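The values are calculated or read from the model by the stated rules, or taken from the named source; none is laboratory data. Model, not experiment: these values are computed from the prediction. Virtual Cβ from ideal backbone geometry, glycine too; neighbours counted across all protein chains shown. Each accessible area value is taken on the protein alone, full model and side chains, heavy atoms only, with ligands, DNA and RNA left out. Shrake-Rupley method; radii C 1.70, N 1.55, O 1.52, S 1.80 Å.
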Amino acid sequence: QQPVQSPQAVILREGEDAVINCSSSKALYSVHWYRQKHGEAPVFLMILLKGGEQKGHEKISASFNEKKQQSSLYLTASQLSYSGTYFCGTEERWGNTGKLIFGQGTTLQVKP
Amino acid sequence: DGGITQSPKYLFRKEGQNVTLSCEQNLNHDAMYWYRQDPGQGLRLIYYSQIVNDFQKGDIAEGYSVSREKKESFPLTVTSAQKNPTAFYLCASNPREGGYTFGSGTRLTVV
């Protein structure tokens, strides 16, 4: 079942912060975050394995609450280059087999 | 540089034709995946393979077929049974517990 992302779209001014949420009804092994620019392939941002860790570097970070099966992506002091569509991918795993199911995406537009 | 190569970039298919999309990786990843993306939509999983000579159906496998004869290659055939094949097709691979690397995609259009 597809994870649910919210909000569907966000418009920011440069320097503002944003939070994108991802929620699943299934027990997850990991959560991935990707950014896709128009007409291009998605680019990997980060992966969070079950354990409730928070990851990130400088202005983009994420958290994973495995009890609630929820993840959030935090973008602080946004830059024009942050514009794009953000996808979360949720992974279930059984044995050595896993597959990533993507949410419907959140479109982020950063304006000068 | 390591990566995933998809070809062709654009493909046009006539009604009733089968077409094959190529995906090659030199990342030494065991796992490979095919996703379909429709305009303004997320990515939907077509097929995936964790190891050579083995693959599993994803959520929308009907009308598609794959093979995995070599670790580096995971071609996708869009058959005439797929009634609405116009979409952006993305191939990806990943190391165990690692992020996915995507190819640059193939845009398929039915003419």
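Let's see if you can work this out: charge +1 on each Lys and Arg Cβ, -1 on each Asp and Glu Cβ, no other charges. What is the dipole magnitude of the stretch B:13-111 about its Cα centre, in debye to the nearest 20?
220
In whole Hz, with x marking every Gly and Pro, tabulate ³J(HN,Hα) for the stretch A:99-112 from phi via Karplus 6.51 cos²θ - 1.76 cosθ + 1.60, θ = phi - 60°.
The phi angles translate into 9, 9, 10, 9, x, 7, x, 10, 8, 10, 10, 10, 9, x Hz.
Antiparallel as a % of all DSSP beta bridges within the protein assembly as shown, to the nearest 5?
Working: 74 of 83 bridges.
Of all bridge pairs located within the protein assembly as shown, approximately 90 percent are antiparallel.
What percentage of the solvent-accessible surface of the stretch B:5-111, computed with a 1.4 Å probe over protein heavy atoms, is contributed by carbon and sulfur atoms?
47
In the stretch B:46-93, which GluC sites (Glu not before Pro) fall in coil by DSSP and have 15 or fewer other Cβ atoms within 10 Å?
B:E62, B:E69
So which trypsin sites (Lys or Arg not before Pro) in the stretch A:9-99 end up in coil per DSSP with only 11 or fewer other C-beta atoms within 10 Å?
In loop regions of the stretch A:9-99 (DSSP not H, G, I, E or B), the sparsely surrounded trypsin sites (Lys or Arg not before Pro) are A:K67, A:K68.
Along each of its three principal axes, how wide is the spread of alpha-carbon positions in chain A, in whole angstrom units, largest first?
Between the extreme Cα coordinates on each principal axis of chain A lie 47, 28, 20 Å.
Leaving ligands and nucleic acids out of the surface, order B:W34, A:W94 by accessible area at 1.4 Å, largest first.
A:W94, B:W34
What number results when the radius of gyration of the protein assembly as shown, computed over Cα atoms, is divided by 2.2 N^0.38 Å?
Rg over 2.2 N^0.38 Å, computed on Cα atoms: 1.02.
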